[in-house]
Amino acid sequence: MAKAVAEGAKMVHGVEVELNYYASPETLGAFDAIIVGTPTYHHDINMDVKMLFEEAAVRNVNLKGKIGASFGSYGWSGEAPKMVYEIMKNKFEMRVTEPPLLNKYTPDQKQLENCKEFGKKIAERLMDTA
Ligand SMILES: Cc1cc2nc3c(=O)[nH]c(=O)nc-3n(C[C@H](O)[C@H](O)[C@H](O)COP(=O)(O)O)c2cc1C
């Protein structure tokens, strides 16, 4: 899903995309837009993603006004991307425009196209407001 989202974002002229499996809180400030992927495990966010935001909050990393978005695969409840959306919006005051993109289990070709479209839309939004 992440690769497809990144691929979609790269289609927008002028947008540079970095796809990271891990991120440190300090590096987040360098980006204009942050798209986070997390599966839902035990009705919760992936631990690394949770720690990333916890540490960013503790270190007062300023993400206000940056574009934010979230996505993830899930099995039955799929809370995690919605929780990330809320954290971005309410805690960090990021601009979250697209609703979280959820995918039940492994995405098929059509769903990967949706991921691509999702990344493209967010990159377009970024260029519109740049
Ligand atoms: C231990 C375990 C707990 C899970 N808990 C949930 C859950 O609470 N809600 C949900 O929607 N899916 C749950 N799932 C399903 C995963 O979200 C789903 O398989 C997802 O695609 C996993 O992504 P991954 O393959 O990238 O780890 C769980 C899966 C496992 C193995």
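The values are calculated or read from the model by the stated rules, or taken from the named source; none is laboratory data. No experiment lies behind these values; they were computed from the predicted model shown. Cβ: placed from backbone, ideal geometry, glycine included. Neighbour counts: every protein chain shown.
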- Query: For segment 96-130, which residues satisfy the criterion of being modelled with pLDDT of 95 or more, outside any helix (DSSP H, G or I), surrounded by fewer than 17 Cβ atoms within 10 Å (Cβ to Cβ) and more than 16 Å from the ligand (Cβ to nearest atom)?
  - Reply: P99
- Task: Mind listing just one residue for me: the one in segment 51-82 that is aromatic (F, W, Y) and crowded, with 21+ Cβ neighbours inside 10 Å and, of those, farthest from the ligand (Cβ to nearest atom)?
- Result: F53
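Mind telling me which of the residues E26, E16, E7 ends up being of a type in the set (D, E, K, R) and farther than 18 Å from K116 by Cβ?
E26
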- Query: Of K110, K89, which residue is without any contact (Cβ under 8 Å) to a residue 40 or more places away in the chain and in contact with a strand residue (DSSP E or B) (Cβ under 6 Å, 6 or more places away or on another chain)?
  - Reply: K89
- Note on the structure: Taking segment 4-50 and the residues there that are closer than 21 Å to L101 by Cα, free of Cβ contacts under 8 Å to residues at least 24 places away in the same chain and exposed (fewer than 13 other Cβ atoms within 10 Å of the Cβ), the one that is nearest to the ligand (Cβ to nearest atom) would be H42
